[in-house]
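Take this structure, written in structure tokens, and hold onto it; I'll ask about it next.
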Amino acid sequence: MNGKYVIAEFNNVKSLDKSIIVDLKYNTTNNFTGKRIYNFSQAILRTSTAKKLAKANAILKKQGYIIKVWDAYRPLSAQQTLWNAYPNSDYVAKPDPKNIRGHQLGATVDITLCTLDGKEVQMQSNFDDFSSRASRSYKRSSVQEKSYHIMDKAMRQVGFVGYSKEWWHYSDNNQNFKAIQVNPANY
Ligand SMILES: C[C@@H](N)C(=O)N[C@H](C)C(=O)O
Ligand SMILES: [Zn+2]
């Protein structure tokens, strides 16, 4: 990324709560494309969205859990690469420069839950399992149901809305942000 990217009203989630675990899957080849999609390791979000995530993490910590972030702000170019790899709007939002939203706005985050020692809890599917297994209405086992509800309740409590087809995908209920391309490495 180059000079057209500017610092704006974004925050690195770890600067608000360093206990949040960040493991950006698209900064690795361990994602559904098998390719590295971008080259930064910072999870950044709109400042007010990041504050909500930190609040959810504080709620979860009292219950013995920590949030792990798999993806946060996603540049438009990255969204295009994901769309090219899997052009199915049920599972990947089709990028539209005239209608920037969700990850590309920095107001959406992909997460899972870990225990306080950093181990992922059992969820109903892997990240980016683009099948009915990922659906919020999937019939979960009792262990999966417990983890899902603990995470979902905390996220809803602070103002996130879960996407029906992907249990890991949460959008801030405020998406009223001016679209801007930034370089997460600057945060
Ligand atoms: C690609 C997947 N992790 C995801 O975030 N999907 C939604 C629909 C999106 O692309 O915004
Ligand atoms: Zn997502």
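The values are calculated or read from the model by the stated rules, or taken from the named source; none is laboratory data. A quick note: this is a predicted structure, and the numbers were derived from the prediction, not measured. Note that each Cβ is placed from the backbone with ideal geometry, even for glycine, and that neighbours are counted across all protein chains shown. Only protein heavy atoms, including side chains, enter the accessible area calculation; ligands, DNA and RNA are left aside. Shrake-Rupley method; radii C 1.70, N 1.55, O 1.52, S 1.80 Å.
Cα-based Rg of the range 127-176 per 2.2 N^0.38 Å, rounded to two decimals?
Cα-based Rg divided by the globular estimate yields 1.16.
Let me ask something additional. Considering only Ser137, Thr112, Ala54, whose Cα is most displaced toward the positive end of the charge dipole of the chain, charges sitting on Cβ of Lys, Arg (+1) and Asp, Glu (-1)?
Ala54
With every protein chain left in place, what is the accessible area of Thr29 in Å² (1.4 Å probe, nearest 10)?
90
List the relative contact order of the chain as a percent without decimals, with contacts defined as Cα pairs under 8 Å and 6+ residues apart.
Relative CO of the chain lands at 26 percent.
Roughly how many Å² is the accessible area per residue of the range 43-160, as a whole number, for a 1.4 Å probe?
44
Compute the acute angle (0 to 90°) between the alpha-carbon long axis of helix 76-85 and the principal axis of greatest extent of the alpha-carbon atoms of the chain; round to the nearest 10°.
On a 0 to 90 degree scale, this one is about 70.
Please compute the length gained on full extension between Asn84 and Thr28, using 0.36 nm multiplied by the number of residues separating them and subtracting their Cα-Cα distance.
18.4 nm
Rounding to the nearest 20 debye, state how big the charge dipole of the range 17-142 is about its Cα centre with +1 on each Lys and Arg Cβ and -1 on each Asp and Glu Cβ.
360
Enumerate the aspartates and glutamates that Lys62 could reach by cross-link, defined here as Cα to Cα under 18 Å, with residues fewer than 8 away along the same chain left out.
Leaving aside aspartates and glutamates fewer than 8 places away in the same chain, those within reach of Lys62 are Asp17, Asp117, Glu120, Asp152.
Let me ask something additional. Using every Cα-Cα pair within the range 50-99, state what percent have a distance larger than 17 Å.
Counting every Cα pair in the range 50-99, those more than 17 Å apart make up 52 percent.
What nm distance separates the two modelled labels at Asp129 and His149, each placed 7 Å from Cα along Cα→Cβ?
2.0
Could you tell me how many cubic angstrom of Cα convex hull volume the range 1-145 has per residue?
Dividing the Cα hull volume of the range 1-145 by its residue count gives 124 Å³.
On the protein heavy atoms, probe 1.4 angstrom, tell me the percent of accessible surface of the range 1-151 carried by carbon and sulfur.
After summing per-atom areas, the C and S share lands at 49 percent.
Angle between the Cα long axis of helix 47-62 and the longest principal axis of the chain, 0 to 90 degrees, nearest 10?
It works out to around 20 degrees.
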